[in-house]
Amino acid sequence: MSVRMPEPDQALLARRDEIVRALRAIVPGEGVIATERGMRPYETDGLTAYRQLPLAVVLPETTAQVAAILRYCYAETIPVVPRGAGTSLSGGALPLADGVLLGMAKFNRIRDIDFANRVAVVEPGVTNLAVSKAVEHAGFYYAPDPSSQIACTIGGNVAENSGGVHCLKYGMTSNNVLGCEMVLMTGEVVRLGGKHLDAGGYDLIGVVGGSEGLLGVVTEVTVRILKKPETARAVLVGFPSSEDAGACVARIIGAGIIPAGMEMMDRPAIHATEAFVHADYPLDVEALLIVELDGPQAEVDHLIATVSEIARGCGAMNLRVSTSEAERLLFWAGRKAAFPAVGRISPDYLCMDGTIPRAKLPLVLARMKDMSAKYGLRVANVFHAGDGNLHPLILYDANEPGELARAEAFGADILKLCVEVGGVLTGEHGVGIEKRDLMPVMFSEVDLAHQQRLKCAFDDKGLLNPGKVFPVLNRCAELGRMHVSGGNLPFPDIPRF
Ligand SMILES: Cc1cc2nc3c(=O)[nH]c(=O)nc-3n(C[C@H](O)[C@H](O)[C@H](O)COP(=O)(O)OP(=O)(O)OC[C@H]3O[C@@H](n4cnc5c(N)ncnc54)[C@H](O)[C@@H]3O)c2cc1C
């Protein structure tokens, strides 16, 4: 495995029993897990190629307990890794051997549903889908819908700034979060934002979105809830090539239409999902687009006609419009199950997550085909096509010597290509450990220094989720002394992992 983690502090490992006792004094009963068997379920997240047992697992139930744990760990200089459901695909929740794993699963209550202000106040361990379920009786829902929504938590969504098929029109998690309560590493509790639309001062709630558990532990989140649109219908369109499908995506957006969702799959992904879900996808096409239009009935009818015309003009081989809610959900069922479906045709896969300008899709797909041949590994592609967010799934077998390393090198080349064509390293899965060492491909040393300075303002000892996101470890003392002027920082002397 190519990503190296910080060396564990031997002195902390030697003090394990004492640390576990201190944690038990804060969270009594079964809230502290310290046996190897009990900690196994926490050793990895969705990036299963990496595994590490933590020093101990703690499952607090109240903000006061979280504050006491962090205060203790700060005083004793013990690293802490926050965790929601552990579905992160970038290794963000990977434990550290000398660190406490802070599981937030017991923060699972919905505290307040306020239809008048169109918000719900929820604890971070509430699953994404549970928010929509809690408000559906009144015709409301929570818009960001990661495919993992049945399991992933709102705290994890905030930390990763997660997206989903409906984020093209309704925004990512950070566009749908108005406030949060967060405990800092020192144990101080801060409240950012609230039910109101804007707050004075710096946009700190904007900073927390996508902070990957490096700034604080989120203990409460205020999310927007939206009224369900009157109608939603989906169009399923098959194309003879990914280039044609890519051109169709560009033409739809160029026509001024923002679909509720616009997703694309290539042939390997179509075949894998059809065999798994039986969504009645056409199997004689090279690329499949699912375009969802929502809103008032008359508007949806008009948009369906326009999108269908555009698709035919782009060479669509076949086109079906959902005629019932059940059929619309079936169209989506395949796409939403694409990752597990690909898991059925390969022992292992790496799910990459880069973003490119939409117009570069044909070029990037062609280059990816070459890379697939070069590395001798298959790749299946699913995209949030409207956002230009790619999810190439690289198929490999961890039991075959060298295949994981080849898959990681292939993945790194794809992400570098995304940056080269004017895109970014991540769309929605975060940096974690997966893309950490690629950060200098996208950011200069000065960019990274300023990002780390922000981290230092929240966590001066660098104890929250160390080894994630930044390719160099905690440098708060040094950055505090440093005069940042242009590119003259003494970075070459700073050891990377
Ligand atoms: C099958 C599958 C499909 C997926 N589909 C999508 C998708 O469509 N869109 C998408 O964006 N992602 C997707 N993901 C990725 C993943 O589900 C998201 O990143 C999700 O937000 C992670 O939530 P979690 O509760 O599992 O968090 P975890 O994996 O437990 O943690 C993720 C990060 O959040 C931090 N964290 C967790 N809770 C807190 C907290 N309370 N305070 C501070 N930091 C915290 C952790 O330290 C870690 O850095 C998918 C994953 C899988 C396995």
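Going residue by residue through the stretch 164-173, is there one that turns out to be away from the ligand (no atom under 14 Å from the Cβ), without any contact (Cβ under 8 Å) to a residue 24 or more places away in the chain and not assigned by TED's automatic domain parsing to the domain that holds Val291?
no
Taking Ala97 and the conditions (1) surrounded by fewer than 18 Cβ atoms within 10 Å (Cβ to Cβ); (2) in the same structural domain as Gly46 (by TED's automatic domain parsing); (3) of a type in the set (A, V, I, L, M); (4) within 15 Å of the ligand (Cβ to nearest atom), which numbered condition does it fall short on, given that it satisfies the others?
Just one mismatch for Ala97, condition (4).
Just the residues that are surrounded by fewer than 24 Cβ atoms within 10 Å (Cβ to Cβ) and either assigned to a strand (DSSP E or B) or touching a strand residue (DSSP E or B) at 6+ places or on another chain (Cβ under 7 Å) (or both), please, taken from the stretch 177-192.
Leu178, Gly179, Glu181, Leu184, Met185, Val189, Val190, Arg191, Leu192
Are any of the residues in the stretch 121-129 touching a residue at least 24 places away in the same chain (Cβ under 8 Å), surrounded by fewer than 24 Cβ atoms within 10 Å (Cβ to Cβ) and not in a loop (DSSP other than H, G, I, E, B)?
Yes - at least one qualifying residue is present in the stretch 121-129.
Tell me, which helices (runs of 4 or more DSSP H) lie completely within the stretch 253-364 with 2 or more residues that are farther than 20 Å from Val235 by Cα and open to solvent by less than 30 Å² (accessible area, probe 1.4 Å)?
Numbers: elements: 267-277, 297-313, 325-336, 338-345.
Helices (runs of 4 or more DSSP H) meeting the threshold: 338-345.
Just to check your reading of the model, which residue among Leu89, Leu102 is touching a Leu at 6+ places or on another chain (Cβ under 9 Å), under 22 Å from Glu160 (Cβ atoms) and not in a loop (DSSP other than H, G, I, E, B)?
Leu102
Kindly establish whether Thr273 is within 16 Å of the ligand (Cβ to nearest atom) and within 27 Å of Met172 (Cα to Cα). Full working, then the answer.
On the way: within 16 Å of the ligand (Cβ to nearest atom): yes; within 27 Å of Met172 (Cα to Cα): yes.
For Thr273, the condition - within 16 Å of the ligand (Cβ to nearest atom) and within 27 Å of Met172 (Cα to Cα) - is met.
When residues of the stretch 48-83 are filtered for being in contact (Cβ under 8 Å) with a residue 24 or more places away in the chain, in a helix (DSSP H, G or I) and among the hydrophobic types (A, V, I, L, M, F, W, C), how many remain?
Result for the stretch 48-83: 6.
Taking the stretch 133-151 on its own, how many of its residues are within 7 Å of the ligand (Cβ to nearest atom) and over 20 Å from Gly334 (Cβ atoms)? Outline the logic, then answer.
From the stretch 133-151, those within 7 Å of the ligand (Cβ to nearest atom) are 146-148, 151; that's our starting set.
Within this subset, residues satisfying the condition of being over 20 Å from Gly334 (Cβ atoms) are none.
Summing the residues that are within 7 Å of the ligand (Cβ to nearest atom) and over 20 Å from Gly334 (Cβ atoms) in the stretch 133-151 gives 0.
State whether the residues of the stretch 193-216 include one that is outside any loop (DSSP other than H, G, I, E, B) and basic (Lys, Arg).
No, that holds for no residue.
Is it the case, given these coordinates, that Gly200 is open to solvent by less than 20 Å² (accessible area, probe 1.4 Å) and at pLDDT below 95?
In short, no.
Looking at (1) within 13 Å of the ligand (Cβ to nearest atom); (2) assigned to a strand (DSSP E or B), which one does Val158 not meet, given that it meets all the others?
Only one criterion in (1) within 13 Å of the ligand (Cβ to nearest atom); (2) assigned to a strand (DSSP E or B) is unmet by Val158, namely (2).
How many residues does the stretch 429-450 contain that are within 28 Å of Pro144 (Cβ to Cβ), under 19 Å from the mean Cα position of the chain (by Cα) and not small (Gly, Ala, Ser)?
Result for the stretch 429-450: 9.
Name the single residue that is farthest from Glu7 (Cα to Cα) among those in the stretch 59-101 being β-branched (Val, Ile, Thr) and out of contact with any strand residue (DSSP E or B) (no Cβ under 8 Å at 6 or more places or on another chain).
Thr62
The values are calculated or read from the model by the stated rules, or taken from the named source; none is laboratory data. Worth saying up front: this structure is predicted, and the values here are computed from it rather than measured. Neighbour counts are summed over all protein chains in view; Cβ atoms, including those assigned to glycine, are modelled from backbone coordinates with ideal geometry. All accessible areas refer to the heavy atoms of the entire protein, side chains included, with ligands and DNA or RNA removed. Shrake-Rupley method; radii C 1.70, N 1.55, O 1.52, S 1.80 Å.
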